[in-house]
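Undergrad: This is the structure I have questions about; it appears just below.
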């Protein structure tokens with residue numbers, strides 16, 4: 001099955017629901033590792049939206065990327081609560097542990113403000129991180 005046919009399947013899966021755009025974008029991102037311009041155009045056509053409307057959503061949310069990146073991703077929260085709990089002091093060690101193998105991505109709030117610093121790998125959340133725990137998380141990603 002080619003990418004276009006698979007995207008059509010994803011659109012059809014969500015066609016009957018209210019507000020299908022975000023679930024479709026998440027499924028396309030998960031399936032192909034990105035939501036590129038061709039996928040944006042196909043989704044726009046399938047939902048009777050303009051490509052600009054779809055691109056606006058894709059470019060607004062940090063979860064969507066225009067090109068696939070084969071590296072594992074560790075998202076580190078750098079919002080105010082995690083900053084107050086010392087996340088900035090951990091970033092250098094995380095980046096050093098990542099090297100070129102893991103992509104460190106900044107996010108602003110993973111919803112665990114009372115137990116920060118925290119990070120996410122895939123759909124798994126990790127809280128109360130210190131330098132050793134974050135380095136271990138990055139190395140295992």
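None of the figures in this text is laboratory data; all of them are computed from the coordinates on show. Keep in mind that what you see is a predicted model, and the values were worked out from it rather than measured. A quick note on method: Cβ atoms are made from the backbone with ideal geometry, for glycine too, and the neighbour counts reach across all protein chains shown.
Undergrad: Relative to the longest principal axis of the chain, what angle (0 to 90°, nearest 10) does the C-alpha long axis of helix 51-60 take?
TA: Once rounded, the angle reads 10 degrees.
Undergrad: Let me see the P(r) profile for the range 3-60: every Cα-Cα distance counted, bins of 5 Å, each bin given as a percent of all pairs.
TA: 4, 22, 38, 27, 9, 0
Undergrad: Spin-label point model (7 Å from Cα, Cβ direction): what's the residue 49 to residue 139 distance in nm?
TA: 4.2 nm
Undergrad: Continuing with this model, one more query. Tell me the angle of helix 3-14 to the major Cα principal axis of the chain, expressed in degrees between 0 and 90 and rounded to the nearest ten.
TA: Helix 3-14 sits at roughly 90 degrees to that axis.
Undergrad: Would you mind computing, in nm to one decimal, how far apart the modelled labels at residue 105 and residue 60 are, each placed 7 Å from Cα along Cα→Cβ?
TA: 1.8 nm
Undergrad: With N set to the residue count of the chain, report its C-alpha Rg divided by 2.2 N^0.38 Å to two decimal places. List each step's numbers first, then the result.
TA: Working: Rg = 17.3 Å, N = 141, 2.2 N^0.38 = 14.4 Å.
Cα Rg divided by the expected 2.2 N^0.38 Å: 1.20.
Undergrad: Subtracting the Cα-Cα distance from 0.36 nm times the residue separation, let me have the gained length for residue 121 to residue 3 in nm, one decimal.
TA: Numbers: separation 118, 0.36 × 118 = 42.48 nm, distance 2.57 nm.
Gain on extension, residue 121 to residue 3, equals 39.9 nm.
Undergrad: Quote to one decimal, in nm, the extra length available between residue 88 and residue 72 on full extension: 0.36 nm per residue of separation minus the C-alpha distance between them.
TA: Numbers: separation 16, 0.36 × 16 = 5.76 nm, distance 2.11 nm.
Gain on stretching residue 88 to residue 72: 3.7 nm.
Undergrad: A further question follows. What ratio of Cα Rg to 2.2 N^0.38 Å holds for the range 72-140? Mind showing how you got there, number by number?
TA: On the way: Rg = 10.4 Å, N = 69, 2.2 N^0.38 = 11.0 Å.
So the range 72-140 has a normalised radius of gyration of 0.95.
Undergrad: With a Förster radius of 41 Å, plug the Cβ-Cβ distance of residue 12 and residue 131 into 1/(1 + (r/R0)^6) and report the FRET value to the nearest 0.05.
TA: Numbers: r = 47 Å, r/R0 = 1.14.
The calculated FRET efficiency here is 0.30.
Undergrad: Any chance you could check the Cα centroid distance between the range 120-134 and the range 4-30 for me, in angstrom?
TA: That distance is 30 Å.
Undergrad: Here's another thing I want to ask about it. Quick check on the chain: helices-only [θ] at 222 nm, where DSSP H runs of length 4 and up contribute -39,500 (n - 2.57) each and the sum goes over total residues. Nearest 500, please.
TA: Details: 7 runs with 68 residues, N = 141.
Calculated at 222 nm, the ellipticity per residue is -14000 deg cm²/dmol.
Undergrad: Another one. How tilted is helix 37-47 with respect to the longest principal axis of the chain? Cα atoms for both, answer in degrees (0 to 90, nearest 10).
TA: The two axes meet at around 60 degrees.
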